[in-house]
Amino acid sequence: MEKQVKFLGARSDVEQILQDTHIFVLSTNWESFGLVSVEAMRAGLPVLISDVGGVSEVVLEGETGFLVPKADVLAMQERLTQLITNPDLRIRMGEAGRRRYETNFTIERMLNETLAVYQTLTRAKNFRRDGVDRASF
């Protein structure tokens with residue numbers, strides 16, 4: 001296995017590593033939002049990930065990658081085999097993922113949307129600046 005899989009540990013050159021790969025795979029029992037999937041899609045990679053937490057808000061099943069049930073080794077194996085053996089599928093999903101990143105997940109867009117939420121909250125009726133939120137939503 002050491003000849004086929006590399007465990008790299010903590011890295012500061014993740015962007016370059018992603019650029020040098022063909023498929024992004026994350027088999028996990030827990031993932032909150034899936035920022036790592038956004039990074040993979042930014043690199044134009046198809047994403048194969050366990051369907052946990054908020055990853056389904058990022059990865060579109062069958063379009064930008066595949067979501068497999070948590071701990072379903074057989075489903076993970078089948079989807080990985082599908083991606084390995086079908087370069088056109090990899091390219092199509094990778095391109096769709098890149099477009100999804102550019103449309104939904106750029107740093108500018110995410111910052112602007114977060115700022116808009118805070119602005120909405122601060123304009124809410126009965127908002128108190130002493131830290132006690134009495135807003136009605």
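Every number here is computed from the coordinates shown, using simple stated rules; none is lab data. Just so it is clear, the model here is predicted, and its values are computed rather than measured. Cβ coordinates were reconstructed from backbone atoms using ideal geometry, including for glycine residues, and neighbour counts include every protein chain displayed.
Approximating the spin labels as points 7 Å out from Cα along Cα→Cβ, the Tyr118-to-Glu2 distance works out to 4.9 nm. Each peptide among 91-97, 2-8 gets the average number of other Cβ atoms lying within 10 Å of its residues, and from highest to lowest they stand as 91-97, 2-8. Among Arg123, Arg100, Arg109, which one shows the highest mean-square fluctuation when the chain is modelled as a Gaussian network with alpha-carbon springs under 10 Å? Fluctuation is largest for Arg123. Under 11 Å from a label point 7 Å along Cα→Cβ of Ser27: give me every residue in the stretch 40-65 with its amide N that close. Those under the cut-off are 50. The stretch 1-17 and the stretch 40-112 have Cα centres spaced 19 Å apart. For the stretch 94-106, the Karplus equation 6.51 cos²θ - 1.76 cosθ + 1.60, evaluated at θ = phi - 60°, returns couplings of x, 5, 5, x, 4, 4, 5, 4, 5, 7, 10, 10, 5 Hz by residue, with Gly and Pro reported as x.
Springs join every pair of Cα atoms under 10 Å in this Gaussian network model of the chain, and among Glu78, Glu31, Glu102 the largest mean-square fluctuation is at Glu78. A simple count of charges around Lys70, restricted to other residues whose Cβ falls under 12 Å of its Cβ and scoring Lys, Arg +1 and Asp, Glu -1, yields -3. Neighbours of Glu15 by Cβ distance under 14 Å: Lys/Arg scored +1, Asp/Glu scored -1, total 0.
Please compute, over every Cα-Cα pair in the chain, the percentage with a separation greater than 27 angstrom.
Cα-Cα pairs in the chain separated by more than 27 Å: 32 percent.
When the chain is treated as a Gaussian network with alpha carbon springs shorter than 10 Å, the biggest mean-square fluctuation among Gln19, Gln82, Gln119 belongs to Gln119. Less than 5 angstrom separates the built amide H of Val25 from those of Leu48, all sequence-distant by 5 or more or on a different chain.
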